[in-house]
Amino acid sequence: MTQNIAPFSPNALLRSFPAFFCSALILGWTGLVQALTVQVSSTRPQQGDTIVVWVETTDPAPVLKWGQKNYPLFPVQGQKFRAMIPTTPLDAAGSYTLSVQGEGQERPYAIALQKRSFSTQYLSIPLSDDEDVDPYEFDRVDAFKQLVSPQKFWSGTFLRPTSGEVSTPYGVRRYYAGEFAEDYYHRGVDYAAETGTPVVAPAAGRVALIGRADRFVVHGNTVGLDHGQGVLSIFLHLSRIDVQEGQFVQAGQVIGRVGSTGASTGPHLHWGLYVNGQAVDPVPWRYDGIK
Ligand SMILES: [Zn+2]
């Protein structure tokens, strides 16, 4: 932007034009610099996608709204900011308004969330309400999911966290004893691998949650990584944990081993990827990368 407008520098204009003519041009030039520019990764994302929004503005504190909620915009470089909006299978397909405020202006953008078909599991057991579970476990996991650190630790595409086939993909819906579970979707990807198979960090981050199976009776041995700027990974049912809370890990570093602790029917790794509090499909992060 700065390079494009260089030929119209006010000093150059002052040297070559009468003063009255000059002021009009400078106003025009000022208006050009103040343009609020918004780019969106897709105006037709599908359920589970992470929508990335780039805003270029001279406003030091632009605001981004999706529905009724504000999402944090982080500086990228110069006057560029980036925000990430999570979508999930629980968000109805249809049209949404993304609104960006800056420089005293408000710009609405229409986003059409596309319906995606997720596979369905039919369980014969009734849906339990988890009444007997110690709240300690869910309180700690919920607090972890709310983390939004200002720094960005990840870069490039995310690595596959373990070997083994995907046994349950993201987004699977369930029926319990014939009743559709409205609030349930598989909030991650399961990999079937033998107990003891190494689990690696898919991207750099800080270890922000460690849960031990003695008190994490549902999640089992758990590691939570903070990749920064509201992007978090959680790994469940581990047989062993190889990191400590507060430790910084690099992409590819071993953080634990596959297991079957907690509410698990066999050895597998559950990897959940959260963006601003919601579990998104990790697949685009693995293959396309989100910058
Ligand atoms: Zn799972």
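The numbers here are math on the coordinates, done by the rules we state, and not lab data. Bear in mind that the values here come from a model prediction, so they are computed numbers and not experimental data. In this analysis, Cβ positions are derived from the backbone assuming ideal geometry, glycine residues included, and neighbour counts consider all displayed protein chains.
Hey, what's the per residue convex hull volume over the C-alpha atoms of the chain, in cubic angstrom? Show your work: numbers first, answer last.
On the way: hull volume 42.4 nm³, N = 291.
Dividing the Cα hull volume of the chain by its residues yields 146 Å³.
Helix 135-145 and the longest principal axis of the C-alpha atoms of the chain enclose an angle of approximately 30°.
Scan the chain and hand back the longest stretch that contains none of the GluC sites (Glu not before Pro) lying in DSSP loops with at most 16 other Cβ atoms within 10 Å. Looking at the chain, 1-102 is the longest stretch - no exposed GluC sites (Glu not before Pro) with at most 16 other Cβ atoms within 10 Å. Sorted from longest to shortest, the spans of the Cα atoms of the stretch 37-113 along the three principal axes equal 35, 21, 17 Å. You can think of it this way: the chain between THR97 and ARG116 has 4.9 nm of extra reach, that is 0.36 nm per residue less the Cα-Cα gap. Across the stretch 215-291, Cα-Cα pairs farther apart than 15 Å form 59% of the total.
With the chain treated as a Gaussian network of Cα nodes joined by springs under 10 Å, which of ASN70, ASN276, ASN221 yields the largest mean-square fluctuation? Of the options given, ASN70 has the highest mean-square fluctuation.
First measure r as the distance between the Cβ atoms of SER124 and GLU165, then evaluate 1/(1 + (r/R0)^6) with R0 = 22 Å and state the FRET efficiency to the nearest 0.05. Each step should come with its number before you reach the end.
On the way: r = 25 Å, r/R0 = 1.14.
Computed FRET efficiency for SER124 and GLU165 comes out at 0.30.
Taking a point 7 Å out from the Cα of VAL76 in the direction of its Cβ, the residues of the stretch 250-291 whose backbone N falls within less than 15 Å of it are 289-291. Hydrodynamic radius of the stretch 94-222 by the Kirkwood approach over all distinct alpha-carbon pairs: 18.8 Å. The residue list GLY259, ALA181, GLN79 was ranked by how far each Cα lies along the charge dipole of the chain toward its positive end, using unit charges on Cβ atoms, and GLN79 comes out on top.
Mind checking the alpha-carbon convex hull of the stretch 146-283 and giving the volume per residue in Å³? For the stretch 146-283, the hull spanned by Cα atoms encloses 106 Å³ per residue. Separation of the stretch 117-158 and the stretch 170-233 by C-alpha centroid, Å? One Cα centre to the other: 6 Å. Note on GLU182 and ASP214: with the Förster distance fixed at 35 Å, the Cβ-Cβ geometry gives a FRET efficiency of about 0.65. Which angle from 0 to 90°, rounded to the nearest 10, does the C-alpha axis of helix 19-33 make with the longest principal axis of the chain? Tilt of helix 19-33: around 10 degrees.
Summing Cβ point charges (Lys, Arg +1; Asp, Glu -1) relative to the Cα centre of the stretch 37-113 gives a dipole of roughly 100 debye.
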